[in-house]
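Enquirer: Encoded as C-alpha coordinates, here's the structure I'll be asking about.
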Amino acid sequence: MTTTTINLPTSKFAYKIKAVEKIHQLTRKEREKALKLSGYNPFSLSSSQVYIDLHTDSGTSALSQEQWAALMTGDESYAGSSSYEKLCHSVEDIFGYRQCIPTHQGRGAEQILLPLLLERNLGKGSPNSSLDNKVFVSNFHFDTTAAHVELTGSTAVNLVIEDAYKTDVSHPWKGNIDIEKLTLEIEQRGAHNVVALIMTVTCNSMGGQPVSMENLRLAYEVAHRHEIPVVMDAARFAENAWFIKRRDPNYANHSIKDIVFEMFKYADMMVMSAKKDAMVNIGGLCAIKDDLALYREVQVGCVVREGFPSYGGLAGRDVNCLAVGLYEAMDEDYLTARIEQVIQLGLWLLDEGIPIQYPVGGHAVFIDAGKLFPHIPSSQFPGQALANELYLEGGIRCAEIGSFLLGRDPDTGIQKDSAVELTRLAIPRRVYSNDQLRYVVECMVAIKNRAQQVHGYGFVYEPPVLRHFLAHLEPIIAS
Ligand SMILES: *Cc1c(COP(=O)(O)O)cnc(C)c1O
(Lines give C-alpha, C1' and ligand atoms only; values in the text may rest on other atoms or scores of the structure.)
Protein backbone atom coordinates (compact mmCIF):
# COMPACT_ATOMS: atom_id res chain seq x y z
CA MET A 1 0.00 0.00 0.00
CA THR A 2 1.37 3.44 -0.87
CA THR A 3 0.33 6.72 0.62
CA THR A 4 1.16 8.72 -2.51
CA THR A 5 -2.30 8.16 -3.98
CA ILE A 6 -3.99 9.80 -1.01
CA ASN A 7 -4.83 13.47 -1.13
CA LEU A 8 -3.31 15.28 1.80
CA PRO A 9 -5.70 17.16 4.02
CA THR A 10 -7.07 20.43 2.74
CA SER A 11 -8.60 21.59 6.02
CA LYS A 12 -10.13 24.95 6.31
CA PHE A 13 -9.48 26.27 9.79
CA ALA A 14 -12.79 26.09 11.57
CA TYR A 15 -12.20 27.44 15.09
CA LYS A 16 -9.73 28.96 17.53
CA ILE A 17 -9.16 28.17 21.21
CA LYS A 18 -10.82 30.30 23.90
CA ALA A 19 -10.39 28.30 27.13
CA VAL A 20 -7.56 25.91 27.95
CA GLU A 21 -6.89 23.12 30.45
CA LYS A 22 -3.37 22.47 31.75
CA ILE A 23 -1.91 19.01 31.18
CA HIS A 24 1.07 17.40 32.84
CA GLN A 25 3.27 14.44 32.00
CA LEU A 26 4.39 11.93 34.64
CA THR A 27 7.89 10.45 34.46
CA ARG A 28 8.38 6.99 32.95
CA LYS A 29 8.82 5.49 36.45
CA GLU A 30 5.61 7.10 37.66
CA ARG A 31 3.77 5.83 34.59
CA GLU A 32 4.99 2.27 35.19
CA LYS A 33 3.69 2.42 38.74
CA ALA A 34 0.36 3.97 37.71
CA LEU A 35 -0.25 1.36 35.00
CA LYS A 36 0.50 -1.51 37.36
CA LEU A 37 -1.92 -0.09 39.94
CA SER A 38 -4.59 0.28 37.22
CA GLY A 39 -4.47 -3.49 36.67
CA TYR A 40 -2.83 -2.89 33.27
CA ASN A 41 -6.10 -1.37 32.15
CA PRO A 42 -5.85 2.32 31.19
CA PHE A 43 -9.62 2.60 31.84
CA SER A 44 -8.71 2.68 35.54
CA LEU A 45 -6.09 5.44 35.28
CA SER A 46 -6.78 8.84 36.77
CA SER A 47 -6.92 11.59 34.12
CA SER A 48 -4.16 13.39 36.05
CA GLN A 49 -1.91 10.46 35.15
CA VAL A 50 -2.64 10.86 31.43
CA TYR A 51 -0.80 13.28 29.12
CA ILE A 52 -2.68 12.87 25.81
CA ASP A 53 -6.09 11.25 26.25
CA LEU A 54 -7.23 9.39 23.13
CA HIS A 55 -9.27 6.91 25.13
CA THR A 56 -12.54 8.02 23.61
CA ASP A 57 -14.23 10.75 21.62
CA SER A 58 -17.28 10.32 23.85
CA GLY A 59 -18.27 13.32 25.95
CA THR A 60 -14.76 14.75 25.56
CA SER A 61 -15.39 17.41 22.91
CA ALA A 62 -14.66 21.08 23.52
CA LEU A 63 -17.92 23.01 23.67
CA SER A 64 -18.46 26.03 21.43
CA GLN A 65 -19.32 29.46 22.82
CA GLU A 66 -22.86 28.91 21.51
CA GLN A 67 -23.12 25.68 23.50
CA TRP A 68 -21.84 27.38 26.64
CA ALA A 69 -24.43 30.09 26.10
CA ALA A 70 -27.12 27.39 25.71
CA LEU A 71 -25.99 25.86 29.03
CA MET A 72 -26.60 29.19 30.72
CA THR A 73 -30.12 29.55 29.33
CA GLY A 74 -31.43 25.99 29.80
CA ASP A 75 -34.96 25.66 31.18
CA GLU A 76 -34.87 23.50 34.33
CA SER A 77 -38.66 23.00 34.59
CA TYR A 78 -39.44 19.40 35.53
CA ALA A 79 -42.14 19.20 32.86
CA GLY A 80 -42.82 21.22 29.75
CA SER A 81 -39.32 22.65 29.54
CA SER A 82 -38.69 24.98 26.59
CA SER A 83 -35.28 23.32 26.17
CA TYR A 84 -37.10 20.07 25.44
CA GLU A 85 -39.31 21.81 22.88
CA LYS A 86 -36.20 23.21 21.22
CA LEU A 87 -34.68 19.72 21.11
CA CYS A 88 -37.82 18.24 19.54
CA HIS A 89 -37.81 20.97 16.89
CA SER A 90 -34.15 20.27 16.08
CA VAL A 91 -34.72 16.52 15.85
CA GLU A 92 -37.72 16.87 13.55
CA ASP A 93 -35.97 19.46 11.40
CA ILE A 94 -32.72 17.45 11.05
CA PHE A 95 -33.91 13.83 10.98
CA GLY A 96 -37.60 14.11 10.13
CA TYR A 97 -38.61 12.13 13.23
CA ARG A 98 -41.63 13.55 15.01
CA GLN A 99 -41.25 11.91 18.41
CA CYS A 100 -38.19 12.47 20.53
CA ILE A 101 -37.08 11.61 24.04
CA PRO A 102 -33.78 12.65 25.54
CA THR A 103 -31.90 10.08 27.61
CA HIS A 104 -28.90 10.36 29.88
CA GLN A 105 -26.70 8.88 27.14
CA GLY A 106 -26.87 6.42 24.25
CA ARG A 107 -27.24 3.31 26.36
CA GLY A 108 -30.14 4.97 28.20
CA ALA A 109 -32.01 4.92 24.88
CA GLU A 110 -30.88 1.34 24.20
CA GLN A 111 -32.08 0.02 27.56
CA ILE A 112 -35.57 1.42 26.92
CA LEU A 113 -36.01 0.68 23.23
CA LEU A 114 -34.44 -2.76 22.70
CA PRO A 115 -36.54 -4.70 25.27
CA LEU A 116 -39.68 -3.00 23.87
CA LEU A 117 -38.81 -4.17 20.37
CA LEU A 118 -38.33 -7.71 21.64
CA GLU A 119 -41.64 -7.61 23.55
CA ARG A 120 -43.44 -6.50 20.40
CA ASN A 121 -41.75 -9.23 18.42
CA LEU A 122 -42.76 -11.92 20.94
CA GLY A 123 -46.27 -10.46 20.96
CA LYS A 124 -46.60 -11.34 17.29
CA GLY A 125 -47.20 -14.87 18.58
CA SER A 126 -45.66 -16.60 15.61
CA PRO A 127 -44.82 -20.30 15.84
CA ASN A 128 -41.26 -21.14 16.83
CA SER A 129 -41.14 -17.90 18.85
CA SER A 130 -38.73 -19.10 21.52
CA LEU A 131 -36.37 -16.49 22.90
CA ASP A 132 -33.43 -18.70 21.92
CA ASN A 133 -34.12 -18.02 18.26
CA LYS A 134 -34.39 -14.24 18.54
CA VAL A 135 -31.69 -12.08 17.00
CA PHE A 136 -30.92 -8.44 16.39
CA VAL A 137 -28.94 -8.02 13.17
CA SER A 138 -26.59 -5.13 12.46
CA ASN A 139 -23.67 -4.03 10.34
CA PHE A 140 -21.95 -4.11 13.73
CA HIS A 141 -23.41 -3.74 17.21
CA PHE A 142 -21.48 -1.28 19.34
CA ASP A 143 -20.42 -2.96 22.60
CA THR A 144 -23.13 -1.41 24.82
CA THR A 145 -25.72 -2.15 22.12
CA ALA A 146 -24.65 -5.80 21.99
CA ALA A 147 -24.77 -5.92 25.81
CA HIS A 148 -28.35 -4.60 25.84
CA VAL A 149 -29.36 -7.07 23.12
CA GLU A 150 -27.91 -9.89 25.21
CA LEU A 151 -29.63 -8.61 28.37
CA THR A 152 -32.97 -9.10 26.56
CA GLY A 153 -31.99 -12.74 26.05
CA SER A 154 -31.59 -12.39 22.27
CA THR A 155 -28.44 -12.68 20.21
CA ALA A 156 -26.53 -9.88 18.44
CA VAL A 157 -25.48 -10.86 14.91
CA ASN A 158 -22.94 -8.70 13.05
CA LEU A 159 -23.07 -8.78 9.24
CA VAL A 160 -20.55 -6.16 8.10
CA ILE A 161 -18.91 -6.75 4.68
CA GLU A 162 -15.88 -9.07 4.73
CA ASP A 163 -13.50 -6.36 3.47
CA ALA A 164 -14.05 -4.47 6.73
CA TYR A 165 -11.99 -7.11 8.51
CA LYS A 166 -9.04 -6.72 6.12
CA THR A 167 -7.28 -3.65 7.46
CA ASP A 168 -5.00 -3.29 4.42
CA VAL A 169 -7.76 -3.61 1.79
CA SER A 170 -9.04 -0.21 0.74
CA HIS A 171 -12.82 0.10 0.52
CA PRO A 172 -14.76 3.38 0.71
CA TRP A 173 -17.64 1.91 2.73
CA LYS A 174 -16.21 -0.48 5.27
CA GLY A 175 -19.21 0.17 7.50
CA ASN A 176 -21.64 -1.40 4.99
CA ILE A 177 -23.77 -4.35 5.96
CA ASP A 178 -23.42 -7.34 3.61
CA ILE A 179 -26.83 -7.35 1.91
CA GLU A 180 -26.48 -10.99 0.83
CA LYS A 181 -25.59 -12.10 4.35
CA LEU A 182 -28.52 -10.06 5.67
CA THR A 183 -30.96 -11.72 3.26
CA LEU A 184 -29.58 -15.16 4.06
CA GLU A 185 -29.74 -14.56 7.83
CA ILE A 186 -33.40 -13.50 7.56
CA GLU A 187 -34.27 -16.53 5.42
CA GLN A 188 -32.47 -19.00 7.67
CA ARG A 189 -33.76 -17.58 10.97
CA GLY A 190 -37.22 -16.81 9.73
CA ALA A 191 -38.11 -13.11 9.50
CA HIS A 192 -40.27 -13.33 12.65
CA ASN A 193 -37.14 -14.19 14.65
CA VAL A 194 -35.28 -11.05 13.57
CA VAL A 195 -36.30 -8.48 16.19
CA ALA A 196 -34.74 -5.48 14.44
CA LEU A 197 -32.03 -4.33 12.09
CA ILE A 198 -29.64 -1.87 13.72
CA MET A 199 -27.58 0.25 11.32
CA THR A 200 -24.62 1.86 13.10
CA VAL A 201 -23.40 5.07 11.43
CA THR A 202 -20.48 5.41 11.27
CA CYS A 203 -19.54 1.85 12.16
CA ASN A 204 -17.59 2.46 15.37
CA SER A 205 -16.31 -1.06 15.95
CA MET A 206 -14.92 -1.30 12.41
CA GLY A 207 -12.90 1.89 12.77
CA GLY A 208 -15.46 4.67 12.41
CA GLN A 209 -16.08 3.45 8.87
CA PRO A 210 -18.90 5.00 6.86
CA VAL A 211 -22.03 3.33 5.52
CA SER A 212 -23.05 4.35 2.00
CA MET A 213 -26.45 5.84 1.23
CA GLU A 214 -27.13 2.97 -1.15
CA ASN A 215 -26.39 0.42 1.56
CA LEU A 216 -28.71 2.19 4.02
CA ARG A 217 -31.44 2.17 1.39
CA LEU A 218 -30.97 -1.46 0.36
CA ALA A 219 -30.81 -2.71 3.96
CA TYR A 220 -33.99 -0.78 4.74
CA GLU A 221 -35.76 -2.27 1.73
CA VAL A 222 -34.76 -5.82 2.68
CA ALA A 223 -35.86 -5.32 6.28
CA HIS A 224 -39.17 -3.76 5.29
CA ARG A 225 -39.96 -6.49 2.83
CA HIS A 226 -39.88 -8.78 5.89
CA GLU A 227 -41.57 -6.31 8.27
CA ILE A 228 -38.44 -5.96 10.38
CA PRO A 229 -38.10 -2.57 12.08
CA VAL A 230 -34.93 -0.59 11.36
CA VAL A 231 -33.09 1.32 14.10
CA MET A 232 -30.36 3.82 13.29
CA ASP A 233 -27.57 3.89 15.87
CA ALA A 234 -26.78 7.47 15.09
CA ALA A 235 -23.84 8.51 17.31
CA ARG A 236 -21.78 9.70 14.32
CA PHE A 237 -24.52 10.70 11.91
CA ALA A 238 -22.78 13.87 10.68
CA GLU A 239 -19.38 12.25 10.12
CA ASN A 240 -21.12 9.55 8.08
CA ALA A 241 -22.84 12.24 6.00
CA TRP A 242 -19.48 13.97 5.38
CA PHE A 243 -18.06 10.72 3.96
CA ILE A 244 -21.11 10.32 1.72
CA LYS A 245 -20.58 13.84 0.40
CA ARG A 246 -16.86 13.17 -0.25
CA ARG A 247 -17.06 9.65 -1.63
CA ASP A 248 -20.36 9.37 -3.48
CA PRO A 249 -20.42 11.63 -6.57
CA ASN A 250 -24.23 11.65 -6.42
CA TYR A 251 -24.01 13.69 -3.23
CA ALA A 252 -21.03 15.96 -3.99
CA ASN A 253 -23.29 18.99 -4.31
CA HIS A 254 -25.70 18.19 -1.48
CA SER A 255 -25.52 19.94 1.88
CA ILE A 256 -24.61 17.81 4.90
CA LYS A 257 -28.06 18.57 6.31
CA ASP A 258 -29.80 17.23 3.18
CA ILE A 259 -27.65 14.08 3.27
CA VAL A 260 -28.47 13.50 6.94
CA PHE A 261 -32.19 13.93 6.23
CA GLU A 262 -32.08 11.33 3.47
CA MET A 263 -30.04 8.87 5.58
CA PHE A 264 -32.72 8.88 8.24
CA LYS A 265 -35.48 8.11 5.75
CA TYR A 266 -33.99 4.62 5.72
CA ALA A 267 -34.86 3.82 9.35
CA ASP A 268 -37.96 3.83 11.53
CA MET A 269 -36.38 5.02 14.74
CA MET A 270 -33.03 5.99 16.17
CA VAL A 271 -30.95 5.73 19.29
CA MET A 272 -28.13 8.21 19.67
CA SER A 273 -25.24 8.78 21.96
CA ALA A 274 -25.12 12.58 21.79
CA LYS A 275 -21.68 12.51 23.38
CA LYS A 276 -20.09 11.92 19.99
CA ASP A 277 -21.04 14.04 16.95
CA ALA A 278 -23.52 16.19 18.87
CA MET A 279 -20.63 17.31 21.07
CA VAL A 280 -22.23 17.40 24.48
CA ASN A 281 -20.52 16.11 27.61
CA ILE A 282 -23.56 14.04 28.50
CA GLY A 283 -26.75 13.15 26.65
CA GLY A 284 -28.55 10.77 24.34
CA LEU A 285 -31.68 10.45 22.29
CA CYS A 286 -34.38 8.04 21.28
CA ALA A 287 -36.48 9.30 18.37
CA ILE A 288 -39.25 7.66 16.39
CA LYS A 289 -40.39 8.51 12.90
CA ASP A 290 -44.14 8.08 13.24
CA ASP A 291 -45.12 5.04 15.33
CA LEU A 292 -47.15 6.74 18.05
CA ALA A 293 -47.89 3.52 19.96
CA LEU A 294 -44.19 2.71 20.22
CA TYR A 295 -43.46 6.28 21.27
CA ARG A 296 -45.94 5.92 24.14
CA GLU A 297 -44.23 2.73 25.28
CA VAL A 298 -40.83 4.46 25.13
CA GLN A 299 -42.23 7.35 27.19
CA VAL A 300 -43.39 4.91 29.88
CA GLY A 301 -40.02 3.14 29.82
CA CYS A 302 -38.31 6.50 30.16
CA VAL A 303 -40.33 7.55 33.21
CA VAL A 304 -39.22 4.45 35.14
CA ARG A 305 -35.61 4.33 34.02
CA GLU A 306 -34.38 7.76 32.98
CA GLY A 307 -36.87 10.32 34.30
CA PHE A 308 -39.78 12.33 32.89
CA PRO A 309 -39.64 12.14 29.06
CA SER A 310 -38.94 15.85 28.66
CA TYR A 311 -35.55 15.61 30.40
CA GLY A 312 -34.65 11.89 30.35
CA GLY A 313 -32.03 12.02 33.09
CA LEU A 314 -30.48 15.26 31.86
CA ALA A 315 -30.48 18.76 33.27
CA GLY A 316 -32.48 21.21 31.16
CA ARG A 317 -29.22 22.96 30.30
CA ASP A 318 -27.81 19.74 28.83
CA VAL A 319 -30.92 19.31 26.69
CA ASN A 320 -30.52 22.91 25.51
CA CYS A 321 -26.83 22.36 24.73
CA LEU A 322 -27.68 19.22 22.75
CA ALA A 323 -30.22 21.09 20.60
CA VAL A 324 -27.36 23.41 19.55
CA GLY A 325 -24.75 20.65 19.18
CA LEU A 326 -26.88 18.70 16.68
CA TYR A 327 -26.58 21.62 14.25
CA GLU A 328 -22.90 22.34 14.92
CA ALA A 329 -22.14 18.71 14.12
CA MET A 330 -23.27 19.34 10.53
CA ASP A 331 -21.15 22.47 9.92
CA GLU A 332 -19.12 21.44 6.89
CA ASP A 333 -16.01 23.53 7.65
CA TYR A 334 -15.90 22.03 11.12
CA LEU A 335 -16.46 18.48 9.82
CA THR A 336 -13.70 18.86 7.23
CA ALA A 337 -11.21 20.15 9.81
CA ARG A 338 -12.22 17.43 12.26
CA ILE A 339 -12.10 14.40 9.97
CA GLU A 340 -9.04 15.54 8.03
CA GLN A 341 -7.14 15.86 11.33
CA VAL A 342 -7.96 12.21 12.02
CA ILE A 343 -6.93 11.25 8.48
CA GLN A 344 -3.67 13.21 8.87
CA LEU A 345 -2.77 11.19 11.96
CA GLY A 346 -3.45 8.00 10.01
CA LEU A 347 -1.25 9.10 7.09
CA TRP A 348 1.63 9.95 9.42
CA LEU A 349 1.41 6.48 10.98
CA LEU A 350 1.26 4.81 7.54
CA ASP A 351 4.35 6.74 6.47
CA GLU A 352 6.15 5.18 9.44
CA GLY A 353 5.10 1.70 8.33
CA ILE A 354 2.58 1.24 11.13
CA PRO A 355 -0.37 -0.95 10.06
CA ILE A 356 -3.75 0.76 10.44
CA GLN A 357 -7.36 0.17 9.41
CA TYR A 358 -7.39 1.72 5.96
CA PRO A 359 -8.81 4.03 4.80
CA VAL A 360 -8.94 5.99 8.05
CA GLY A 361 -12.40 6.39 9.58
CA GLY A 362 -14.11 9.47 10.96
CA HIS A 363 -13.36 9.66 14.66
CA ALA A 364 -10.33 7.52 15.28
CA VAL A 365 -7.30 5.79 13.86
CA PHE A 366 -7.33 2.05 14.49
CA ILE A 367 -3.90 0.44 14.65
CA ASP A 368 -3.69 -3.23 13.67
CA ALA A 369 -1.98 -4.52 16.80
CA GLY A 370 -2.34 -8.12 15.61
CA LYS A 371 -0.03 -7.26 12.72
CA LEU A 372 2.31 -5.16 14.83
CA PHE A 373 2.71 -7.95 17.42
CA PRO A 374 2.34 -11.24 15.49
CA HIS A 375 4.02 -13.04 18.39
CA ILE A 376 1.16 -12.20 20.82
CA PRO A 377 -1.85 -14.55 20.44
CA SER A 378 -5.40 -13.11 20.46
CA SER A 379 -6.00 -14.79 23.81
CA GLN A 380 -3.32 -12.47 25.26
CA PHE A 381 -4.85 -9.32 23.75
CA PRO A 382 -2.30 -7.67 21.42
CA GLY A 383 -4.52 -4.56 21.18
CA GLN A 384 -4.47 -4.12 24.94
CA ALA A 385 -0.70 -4.70 24.93
CA LEU A 386 -0.32 -1.78 22.51
CA ALA A 387 -2.61 0.45 24.60
CA ASN A 388 -0.45 -0.26 27.64
CA GLU A 389 2.77 0.39 25.69
CA LEU A 390 1.48 3.76 24.47
CA TYR A 391 0.84 4.73 28.04
CA LEU A 392 4.28 3.61 29.17
CA GLU A 393 5.99 5.27 26.21
CA GLY A 394 4.29 8.64 26.27
CA GLY A 395 1.48 8.88 28.81
CA ILE A 396 -1.01 8.37 25.96
CA ARG A 397 -4.29 6.67 26.80
CA CYS A 398 -6.25 4.73 24.20
CA ALA A 399 -8.54 1.70 24.00
CA GLU A 400 -8.40 -1.89 22.76
CA ILE A 401 -10.99 -2.89 20.14
CA GLY A 402 -10.55 -6.63 19.69
CA SER A 403 -10.83 -9.86 21.67
CA PHE A 404 -10.57 -8.09 25.05
CA LEU A 405 -13.58 -5.88 24.25
CA LEU A 406 -15.54 -8.56 22.40
CA GLY A 407 -15.70 -10.84 25.44
CA ARG A 408 -17.28 -14.25 25.78
CA ASP A 409 -20.38 -15.92 24.40
CA PRO A 410 -22.92 -15.46 27.23
CA ASP A 411 -24.24 -19.04 26.80
CA THR A 412 -21.05 -21.04 26.40
CA GLY A 413 -18.55 -18.79 28.18
CA ILE A 414 -16.17 -19.28 25.28
CA GLN A 415 -14.14 -16.29 24.10
CA LYS A 416 -15.71 -14.85 20.94
CA ASP A 417 -13.48 -14.92 17.93
CA SER A 418 -12.33 -11.44 16.89
CA ALA A 419 -11.33 -11.14 13.25
CA VAL A 420 -8.95 -8.28 14.02
CA GLU A 421 -7.01 -7.05 17.04
CA LEU A 422 -7.12 -3.26 17.01
CA THR A 423 -6.03 -0.39 19.23
CA ARG A 424 -8.13 2.73 18.85
CA LEU A 425 -6.71 6.25 18.97
CA ALA A 426 -9.99 8.17 19.33
CA ILE A 427 -9.67 11.88 18.68
CA PRO A 428 -11.81 14.19 20.83
CA ARG A 429 -13.49 16.93 18.79
CA ARG A 430 -11.90 20.40 18.76
CA VAL A 431 -9.44 19.41 21.54
CA TYR A 432 -5.90 18.50 20.39
CA SER A 433 -3.51 20.22 17.98
CA ASN A 434 -1.72 18.46 15.13
CA ASP A 435 1.57 18.93 17.06
CA GLN A 436 0.16 16.86 19.89
CA LEU A 437 -0.84 14.16 17.42
CA ARG A 438 2.66 14.27 15.90
CA TYR A 439 3.97 13.41 19.37
CA VAL A 440 1.70 10.36 19.41
CA VAL A 441 3.28 9.25 16.11
CA GLU A 442 6.79 9.57 17.61
CA CYS A 443 5.75 7.35 20.52
CA MET A 444 4.27 4.78 18.11
CA VAL A 445 7.54 4.67 16.15
CA ALA A 446 9.49 3.97 19.35
CA ILE A 447 7.13 1.07 20.15
CA LYS A 448 7.36 -0.32 16.63
CA ASN A 449 11.16 -0.39 16.97
CA ARG A 450 10.95 -2.62 20.03
CA ALA A 451 7.82 -4.56 19.01
CA GLN A 452 9.49 -7.95 19.57
CA GLN A 453 9.89 -7.24 23.28
CA VAL A 454 6.21 -6.38 23.88
CA HIS A 455 4.27 -9.13 25.71
CA GLY A 456 0.64 -10.11 26.16
CA TYR A 457 -1.74 -10.03 29.14
CA GLY A 458 -4.00 -12.38 31.08
CA PHE A 459 -6.89 -11.81 33.53
CA VAL A 460 -6.55 -11.31 37.26
CA TYR A 461 -10.18 -10.15 37.53
CA GLU A 462 -12.75 -10.58 34.75
CA PRO A 463 -16.19 -8.94 35.22
CA PRO A 464 -19.17 -10.87 33.77
CA VAL A 465 -20.47 -8.11 31.41
CA LEU A 466 -18.59 -5.40 29.49
CA ARG A 467 -15.45 -6.75 31.10
CA HIS A 468 -13.02 -4.33 29.41
CA PHE A 469 -14.35 -1.44 31.50
CA LEU A 470 -13.30 -2.87 34.87
CA ALA A 471 -10.98 -5.84 34.28
CA HIS A 472 -7.62 -6.24 35.99
CA LEU A 473 -4.80 -7.84 34.00
CA GLU A 474 -1.26 -9.02 34.49
CA PRO A 475 1.64 -9.29 32.04
CA ILE A 476 2.38 -12.72 30.60
CA ILE A 477 6.14 -12.89 30.32
CA ALA A 478 7.44 -15.98 28.50
CA SER A 479 10.05 -17.81 30.54
C1 LIG B 1 -21.02 5.46 22.26
C2 LIG B 1 -21.91 4.66 21.46
C3 LIG B 1 -23.05 4.08 22.02
C4 LIG B 1 -23.40 4.14 23.50
O5 LIG B 1 -23.59 5.45 23.89
P6 LIG B 1 -23.21 6.00 25.35
O7 LIG B 1 -23.54 7.45 25.23
O8 LIG B 1 -21.76 5.74 25.56
O9 LIG B 1 -24.06 5.30 26.33
C10 LIG B 1 -23.87 3.35 21.18
N11 LIG B 1 -23.58 3.19 19.88
C12 LIG B 1 -22.49 3.74 19.31
C13 LIG B 1 -22.22 3.54 17.87
C14 LIG B 1 -21.61 4.49 20.08
O15 LIG B 1 -20.52 4.99 19.53
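Enquirer: Any idea of the accessible area per residue across the range 65-328, 1.4 Å probe, to the nearest Å²? Numbers along the way, then the final one.
Expert: Working: 9720 Å² over 264 residues.
Accessible area per residue: 37 Å².
Enquirer: Right, another one. Under 5 Å between amide H atoms, partner at least 5 residues away or on a different chain: which partners does GLY313 have, H built in plane at 1.01 Å?
Expert: Amide H neighbours of GLY313, under 5 Å, 5+ apart: PHE308.
Enquirer: Under the Karplus relation 6.51 cos²θ - 1.76 cosθ + 1.60, θ = phi - 60°, what is the ordered set of whole-Hz ³J(HN,Hα) values for the range 274-281, x standing for Gly and Pro?
Expert: 7, 7, 9, 4, 6, 6, 10, 6
Enquirer: Based on DSSP H runs of at least 4 residues, each adding -39500 (n - 2.57), what is the mean residue ellipticity at 222 nm of the chain after dividing by all its residues, to the nearest 500 deg cm²/dmol?
Expert: Numbers: 16 runs with 186 residues, N = 479.
It lands at -12000 deg cm²/dmol.
Enquirer: Take the alpha carbon gyration tensor of the range 65-328, find the square roots of its eigenvalues, order them as a ≥ b ≥ c, and report rounded if a/c is under 1.5; if not, report prolate when a/b exceeds b/c, else oblate.
Expert: It is oblate, given that a/c is not under 1.5 and a/b is not larger than b/c.
Enquirer: Same structure again: Based on Cβ point charges of +1 for Lys and Arg and -1 for Asp and Glu, what charge dipole magnitude is obtained for the range 65-328 about its Cα centre, in debye rounded to the nearest 20?
Expert: 20
Enquirer: Can you run phi through the Karplus equation (6.51, -1.76, 1.60; θ = phi - 60°) for the range 169-177 and list ³J(HN,Hα) in whole Hz, with x for Gly and Pro?
Expert: So the Karplus estimates, Gly and Pro as x, are 8, 7, 8, x, 10, 6, x, 5, 7 Hz.
Enquirer: Assign one of three labels to the range 190-229, namely rounded, prolate or oblate, based on the Cα gyration tensor with a ≥ b ≥ c the square roots of its eigenvalues; rounded applies when a/c is under 1.5, prolate when it is not and a/b is larger than b/c, and oblate otherwise. Mind showing how you got there, number by number?
Expert: On the way: a/c = 3.92, a/b = 1.77, b/c = 2.22.
Oblate.
Enquirer: If you put +1 on each Lys and Arg Cβ and -1 on each Asp and Glu Cβ, how big is the dipole of the chain around its Cα centre, in Debye rounded to 20? Mind showing how you got there, number by number?
Expert: On the way: 45 positive and 57 negative charges, 172 e Å.
In total the dipole reaches around 820 debye.
Enquirer: Post the alpha-carbon centroid distance, the range 209-238 to the range 395-417, in whole angstrom.
Expert: 26
Enquirer: Under a 5 Å amide H to amide H cut-off, with H placed in plane at 1.01 Å, what residues pair with GLY456 once short-range neighbours are removed?
Expert: ILE476
Enquirer: Hey, if you drop one equal point scatterer on each alpha-carbon of the chain and run the Debye formula without solvent, what base-10 log of I(q)/I(0) do you get at q = 0.07, 0.11, 0.13 Å⁻¹?
Expert: Results for the chain at q = 0.07, 0.11, 0.13 Å⁻¹ read -0.35, -0.90, -1.28.
Enquirer: Using +1 on the beta carbon of Lys and Arg, -1 on that of Asp and Glu, and nothing else charged, what's the dipole of the range 235-323 about the Cα centre, debye to 20?
Expert: About 280 debye.
Enquirer: Measure out, as a whole number of angstrom, how far apart the alpha-carbon centroids of the range 113-172 and the range 304-327 sit.
Expert: 27
Enquirer: A follow-up question, please. Of the beta bridges DSSP finds with both residues in the chain, what % are antiparallel, to the nearest 5?
Expert: Within the chain, antiparallel bridges account for around 60 percent of the total.
Enquirer: I'd like the carbon and sulfur percentage of the solvent accessible area for the range 315-422, probe radius 1.4 Å, heavy atoms only, ligands and nucleic acids excluded.
Expert: 48
Enquirer: Further question on the same structure: Just order 343-352, 246-255 by mean Cβ neighbour count inside 10 Å, highest at the front, would you?
Expert: Result, highest mean Cβ count within 10 Å first: 343-352, 246-255.
Enquirer: Ordered by packing density, taken as the mean number of other Cβ atoms within 10 Å over each peptide's residues, highest first, how do 273-286, 135-148, 23-36, 73-86 rank?
Expert: Sorting 273-286, 135-148, 23-36, 73-86 by mean packing, highest first, produces 273-286, 135-148, 73-86, 23-36.
Enquirer: Considering amide H positions built from the backbone, and no H for Pro or chain starts, which residues 5 or more places from ALA399, or on another chain, come under 5 Å of its amide H?
Expert: Those qualifying (amide H under 5 Å, at least 5 residues apart or on another chain) are ARG424, ALA426.
The values are calculated or read from the model by the stated rules, or taken from the named source; none is laboratory data. None of these values were measured; they are calculated from a predicted model. FYI the Cβ positions are ideal-geometry reconstructions off the backbone, even for glycines, and counts take in every protein chain you see. The area values use the complete protein model at the heavy-atom level, side chains included, leaving out ligands, DNA and RNA. Shrake-Rupley method; radii C 1.70, N 1.55, O 1.52, S 1.80 Å.
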